[in-house]
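Colleague: Below you'll find the structure I mean.
The values are calculated or read from the model by the stated rules, or taken from the named source; none is laboratory data. These numbers come from a predicted model, not from an experiment. Every residue, glycine as well, gets a Cβ built from its backbone with ideal geometry; the counts of neighbours run over all protein chains shown.
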Amino acid sequence: MKSFLIANPKGGSGKTTLATNLAGYFARSGHTTMLGDTDRQQSARDWLSIRSELLPPIHSWEVEKGQPARPPQATTHVVLDSAAGVHGKTLEWMLKQVNAVIVPVQPSLFDILATRHFLEALLEEKAVRKGRLAVAVIGMRVDPRTRAAGELERFLDSYELPVLACLRDTQIYVQLAAAGMTLFDVSGSRAEKDIAQWQPIIDWVDRQE
């Protein structure tokens, strides 16, 4: 089973946007996919509740009385959407459940500062140091014409981590989320530019074991 944690302690960094669209890609590819929400706000779970049954199915946790939540039987791909402020024992538990971690970060001073501390802590984790847990970064809502984008680029260059993509600042994610949809649920012409930006992300997640 392939499993991915989308994590950043900074609220509003784009975790749920990234998690829902990654799950959407897996589902569209024919995989039995679960989107797990570990945030108290349960944004991803609420999003699943409005997703049409006509779209490729994305499942939530399977919960039985007296038992811990777990992926439904036959699940092949799991995406975990983490809560803001995740750290300590909770983070350690999550890291043990996944094969890879993707860290979204927006081009603002506060996002960069919060992400710096998180990446430094993450890189100290034994599984990361030993190469058993892959880590990558994605820039979210990036306008390459801005000074903030340049500062984000310099920040990311300071780490020896793959930067998979810098996704553009667009309303298409907001519009699709409101309908329980992802980039991978619409016609190519509507999301063509954005899916092209996702190709390096797709290539990286497909390589993970």
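Colleague: Checking the structure you have, find out if any residue of segment 113-136 is of a type in the set (D, E, K, R), without any contact (Cβ under 8 Å) to a residue 60 or more places away in the chain and within 19 Å of GLN199 (Cα to Cα). Don't jump to the end; show me each part of the working.
Modeller: Start the filter on segment 113-136 by keeping residues that are of a type in the set (D, E, K, R), which leaves 116, 120, 124-126, 129-130, 132.
Pick out the ones that are also without any contact (Cβ under 8 Å) to a residue 60 or more places away in the chain and you get 116, 120, 124-126, 129-130, 132.
This time we only want the ones that are within 19 Å of GLN199 (Cα to Cα), so: none.
So far as segment 113-136 goes, no, none of its residues is of a type in the set (D, E, K, R), without any contact (Cβ under 8 Å) to a residue 60 or more places away in the chain and within 19 Å of GLN199 (Cα to Cα).
Colleague: Would you pick out the residues in segment 10-49 that are surrounded by fewer than 19 Cβ atoms within 10 Å (Cβ to Cβ), modelled with pLDDT of 95 or more and out of contact with any Ser or Thr (no Cβ under 7 Å at 6 or more places or on another chain)?
Modeller: ARG28, SER29, GLY30
Colleague: Here's a follow-up. May I ask you to verify whether ALA83 is among the small types (Gly, Ala, Ser), over 26 Å from ARG154 (Cβ atoms) and within 15 Å of the chain's Cα centre (by Cα)? Spell out how you get there, then give the answer.
Modeller: Values: among the small types (Gly, Ala, Ser): yes; over 26 Å from ARG154 (Cβ atoms): yes; within 15 Å of the chain's Cα centre (by Cα): yes.
Here the answer is yes, as ALA83 does meet what is asked.
Colleague: Among what's in segment 84-95 and is part of a helix (DSSP H, G or I) and not polar (S, T, N, Q), pick the residue that is surrounded by the fewest Cβ atoms within 10 Å (Cβ to Cβ).
Modeller: Taking segment 84-95 as the starting set, the residues that turn out to be part of a helix (DSSP H, G or I) are 88-95.
Imposing the further condition that a residue be not polar (S, T, N, Q) reduces the set to 88-89, 91-95.
Numbers: GLY88: 9, LYS89: 7, LEU91: 20, GLU92: 12, TRP93: 11, MET94: 19, LEU95: 19.
Among those that are part of a helix (DSSP H, G or I) and not polar (S, T, N, Q), it is LYS89.
Colleague: Now a separate question. If ALA69 satisfies all but one of (1) modelled with pLDDT of 80 or more; (2) more than 17 Å from the chain's Cα centre (by Cα), what's the number of the condition it fails?
Modeller: Unmet for ALA69, out of (1) modelled with pLDDT of 80 or more; (2) more than 17 Å from the chain's Cα centre (by Cα): (1).
Colleague: Checking LEU161 against (1) modelled with pLDDT of 90 or more; (2) over 18 Å from the mean Cα position of the chain (by Cα); (3) closer than 17 Å to PRO9 by Cβ: exactly one of these is not met. Which one?
Modeller: Single failed check for LEU161: (2).
Residue-wise test of (1) in contact with a helix residue (DSSP H, G or I) (Cβ under 9 Å, 6 or more places away or on another chain); (2) of a type in the set (S, T, N, Q); (3) within 25 Å of ALA179 (Cα to Cα).
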residue: GLY36; (1), (2), (3): yes, no, yes
residue: SER52; (1), (2), (3): yes, yes, yes
residue: LEU55; (1), (2), (3): yes, no, yes
residue: ILE58; (1), (2), (3): yes, no, yes
residue: THR75; (1), (2), (3): no, yes, yes
residue: ALA84; (1), (2), (3): yes, no, yes
residue: MET94; (1), (2), (3): no, no, no
residue: ILE102; (1), (2), (3): yes, no, yes
residue: PRO107; (1), (2), (3): yes, no, no
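Colleague: Also, quick follow-up: Do you know which residues across segment 1-50 are within 19 Å of TRP198 (Cβ to Cβ) and basic (Lys, Arg)?
Modeller: Answer for segment 1-50, where residues must be within 19 Å of TRP198 (Cβ to Cβ) and basic (Lys, Arg): LYS2, LYS15, ARG28.
Colleague: Any idea which of (1) within 20 Å of GLY139 (Cα to Cα); (2) buried (at least 17 other Cβ atoms within 10 Å of the Cβ); (3) out of contact with any Ser or Thr (no Cβ under 6 Å at 6 or more places or on another chain) is the one ALA7 doesn't satisfy?
Modeller: Status for ALA7: all satisfied but (3).
Colleague: If you don't mind, there's one more thing I want to ask. Any residue at all in segment 119-128 that is under 16 Å from ASN8 (Cα atoms), in contact with a strand residue (DSSP E or B) (Cβ under 8 Å, 6 or more places away or on another chain) and among the charged types (D, E, K, R)?
Modeller: Within segment 119-128, not a single residue is under 16 Å from ASN8 (Cα atoms), in contact with a strand residue (DSSP E or B) (Cβ under 8 Å, 6 or more places away or on another chain) and among the charged types (D, E, K, R).
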